[in-house]
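Everything on this sheet refers to the single structure shown next.
Values in this text are rule-based calculations from the coordinates and carry no lab data. This one's a predicted model, so the numbers in the text were calculated from it and none came from an experiment. Here the Cβ positions follow ideal geometry from the backbone for every residue, glycine too, while neighbour counts run over all protein chains shown.
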Amino acid sequence: MLSAGTVVGGLISSKLIGRLGAKTSIITGLAVQAATTGSLHFVSTTPTSIIIVLVATFVGGVANLAAIIGFMVTTTTGIPDNEQGPATGLTTMSQQIDITMGIPVMSSDAIIVK
């Protein structure tokens, strides 16, 4: 369901950014994504928990892509056309570094908290 959510997020993000602005889309998208991550606490073998997690991961996927597209719009707005490629490349690289470093850091924090 996460992948379906990201597809829907890609389709509606431009409308969200047009209506709310890029900054608000990023903040709202990340907040909704964080909230839907809480659904993982309901994981069990019951059918109800599976439905909750599927719906939450779909909504989280929409929010995730809204935040990512808002981030790209923000980082490339106002840059001359001949610099759009390098700016997009640097932005994408920073996302990949964040993912690579963020997962181990968050995992270690989760272990410490437990």
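Only the Cβ atoms of Lys and Arg (+1) and of Asp and Glu (-1) were treated as charged; on that basis the dipole of the chain about its Cα centre amounts to roughly 320 debye. The eigenvalues of the Cα gyration tensor, multiplied by 5 and square-rooted, give segment 1-77 an equivalent ellipsoid with semi-axes of 27, 11, 8 Å from largest to smallest. Between 0 and 90 degrees, the angle of helix 84-113 with respect to the longest Cα principal axis of the chain falls at about 20 degrees. Cα-Cα pairs above 12 Å in segment 59-100: how many percent? Of the Cα pairs, 63 percent sit more than 12 Å apart.
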